[in-house]
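Below is one structure, written out as structure tokens; the observations come after it.
The values are calculated or read from the model by the stated rules, or taken from the named source; none is laboratory data. Fair warning: this is a prediction, and the values are worked out from it, not measured in the lab. Cβ placement follows ideal geometry from the backbone for every residue including glycine, while neighbour counts extend to all protein chains displayed. The accessibility values were calculated without ligands, DNA or RNA, using every heavy atom of the protein model including side chains. Shrake-Rupley method; radii C 1.70, N 1.55, O 1.52, S 1.80 Å.
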Amino acid sequence: MASEAPAGGGGGTEVRMSQLVLPCHTNHRGQLGVGQLLQWIDAAACLSAERHAGCPCVTASMDDIYFEHTISVGQVVNIKAKVNRAFNSSMEVKLKPLTPQTEEEKIEHSIAAERRRMRLAHKDTLKDLLTRSPRETELETRDGSMAVPAEKTRVESVELVLPPHANHQGNTFGGQIMAWMENVATIAASRLCHAHPTLTAIEMFHFRGPSQVGDRLVLKAIVNNAFKNSMEVGVCAEAYGQEMSTSRRHINSAFMTFVVLDEEGRPRTLPMVVPEPEDGERRYREASARKKIRLDRKYIVSCRQTEVPLSVPWDQSNKVYLSYNNVSALKTLVAKANWVLAREKEKVRMYTLEEDKFLSFRIEMTVCIPAAQAFSLLSDLQRRHEWDSHYASAELVQQVDDDDVIYHVVSQTLSHENKPQDFVILASRRKPCDKGDPYVVAFRSVTLPTHLPSPGFTRGETLCSGFCIWSESEEMSKVAYYNQATPGYLNYVTTNIVGLSSNFYATFVACEKFLLKNKDDLILRLQDL
């Protein structure tokens with residue numbers, strides 16, 4: 001059963017679906033099959049997308065899916081789907097912009113662009129990690145297990161697309177294709193372990209093209225690599241028409257992670273896999289790289305903000321996910337609804353947000369400068385000492401890419417050890433995606449092996465801070481600074497909140513003077529370029 005929410009904002013696209021789990025939906029353990037669940041999720045998502053687009057929609061991609069709980073016969077599955085954001089690229093149909101209404105919708109709308117950015121960068125991340133990894137395939141030794149040639153796990157199946165498998169335009173449901181892919185992947189996994197495997201995760205699905213009623217889908221699966229307690233199965237779906245002579249069309253690929261559980265529900269040790277020469281060795285190495293990326297992504301992106309340590313080790317393979325976490329954490333903080341005005345002095349306003357574990361503050365003012373120029377000036381930490389008395393210096397350690405930079409910052413503020421503080425900070429910049437979006441400069445601490453804590457400094461950390469700059473007119477901008485205060489910074493924050501200090505006010509006035517002084521120089525430099 002599916003129902004739709006009333007129109008208006010993101011809620012106008014909301015679709016709720018309730019499904020009773022019947023015996024025909026379950027696997028050998030009497031639990032809801034993943035393939036069936038994927039079909040229900042896909043159906044709800046497509047209904048939601050069609051409600052916004054006003055025309056038929058098909059699934060183009062799905063982010064990582066982790067299966068952490070089991071669902072049994074007689075239980076009801078409730079699925080909620082809602083459009084978070086609409087993107088226009090090279091599509092023939094131009095999608096109307098979405099206006100979020102509730103706090104939850106505003107948060108999801110803000111970070112949807114970051115998720116899209118992460119999806120688009122996934123291939124480059126994998127390629128870069130493989131380039132820096134040894135090319136030789138090393139097989140680990142595993143006690144009590146025989147190595148199984150990957151060729152023995154290969155499975156191939158053919159499915160005929162019938163009308164019940166497709167929408168009213170004759171295009172095969174994405175959920176149906178995913179269900180068929182899960183079936184062959186499960187068979188391939190069982191050929192390695194000679195038991196009933198359990199699917200725990202699916203990496204990003206990307207549909208390369210559609211298939212229609214009457215097509216034959218060829219589904220291929222093989223175990224790419226087996227780790228101690230889990231294995232990765234690669235699945236490929238190809239389509240061809242009624243004429244056997246027509247060439248096959250590659251429509252989808254996916255990578256699924258399986259485990260084998262014992263009687264007590266604990267993962268069993270798996271046999272090793274011997275990869276096939278050449279192409280099999282490539283898949284073997286890529287599976288290891290994808291496992292590292294999955295761990296990075298799940299740890300950095302999926303966990304709650306309070307569970308992320310202040311400083312996360314930075315390297316090439318997790319740079320996309322740290323950048324995502326950096327920007328999405330700030331956008332989530334910005335979208336919170338319970339900000340309270342704590343102080344106002346002339347045109348500088350200070351707001352606070354009290355949550356269970358954090359005290360956050362926001363300082364904002366309106367400045368006579370175009371938003372793009374303010375963004376360029378405030379995103380350069382090497383110039384921050386010109387207006388922020390807390391900064392002694394900021395050394396550019398690494399230019400990660402056009403949008404992400406790592407700095408080593410030395411503060412004027414002394415710690416309780418009577419030593420100056422230093423920070424290693426990732427600065428992530430984002431320009432607006434849509435009209436009304438702010439320019440974003442997000443900061444968070446990271447750990448670099450080249451800049452470990454030194455005896456002469458007390459290493460400080462920042463969890464979530466940064467600037468958001470909104471364009472109010474061609475010459476006016478609203479500049480807001482956000483900070484989720486860490487314990488070492490808390491006393492300083494509360495002193496300003498209660499009015500015992502005007503340090504924040506003085507700093508932001510200095511910031512305004514810096515922006516006004518340098519905006520004309522910036523225009524001249526841009527004209528020279």
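Just a few scattered comments:
- Out of Glu140, Glu156, Glu136, Glu182, sole residue that is open to solvent by 60 Å² or more (accessible area, probe 1.4 Å) and at pLDDT 90 or above: Glu156
- Taken over the range 201-231, the criterion of being open to solvent by less than 30 Å² (accessible area, probe 1.4 Å), of a type in the set (D, E, K, R) and modelled with pLDDT of 95 or more is satisfied by no residue.
- Val400 over 20 Å from Val440 (Cα atoms) and either surrounded by fewer than 16 Cβ atoms within 10 Å (Cβ to Cβ) or not hydroxyl-bearing (Ser, Thr, Tyr) (or both): no
- Output for the range 260-287, where each listed residue is touching a Leu at 6+ places or on another chain (Cβ under 8 Å) and assigned to a strand (DSSP E or B): Pro267, Val273, Val274
- Listed conditions (1) farther than 18 Å from Glu203 by Cβ; (2) out of contact with any helix residue (DSSP H, G or I) (no Cβ under 6 Å at 6 or more places or on another chain) are all met by Cys236, apart from (1).
- Scanning the range 27-57 for residues that are under 16 Å from Met181 (Cα atoms), in a helix (DSSP H, G or I) and either in contact with a strand residue (DSSP E or B) (Cβ under 9 Å, 6 or more places away or on another chain) or open to solvent by less than 50 Å² (accessible area, probe 1.4 Å) (or both) returns Val34, Gly35, Gln36, Leu37, Leu38, Trp40, Ile41, Asp42.
- Residues in the range 327-340 that are part of a helix (DSSP H, G or I) and farther than 14 Å from Ala112 by Cα were compared, and the one that is most open to solvent (accessible area, probe 1.4 Å) is Val334.
- Selected residue [part of a helix (DSSP H, G or I), touching a residue at least 24 places away in the same chain (Cβ under 8 Å) and not polar (S, T, N, Q)] from Ala392, Ala374: Ala374
- Strands (runs of 3 or more DSSP E) wholly inside the range 420-492 that include at least 1 residues being without any contact (Cβ under 8 Å) to a residue 60 or more places away in the chain, open to solvent by less than 50 Å² (accessible area, probe 1.4 Å) and within 22 Å of His408 (Cβ to Cβ): 420-430
- Taking the range 223-255 as the range and being hydroxyl-bearing (Ser, Thr, Tyr) and in a strand (DSSP E or B) as the test, the residues that pass are Tyr240, Ser253.
- Residue count, the range 410-451 (criterion: closer than 26 Å to Asn503 by Cα and among the β-branched types (Val, Ile, Thr)): 6
- Candidate set from the range 367-379 (those that are crowded, with 17+ Cβ neighbours inside 10 Å and of a type outside the set (A, V, I, L, M)); member that is farthest from His408 (Cα to Cα): Pro370
- Residues satisfying the stated conditions in the range 209-222, i.e. in a strand (DSSP E or B) and not aliphatic (A, V, I, L, M): Gln212, Arg216, Lys220
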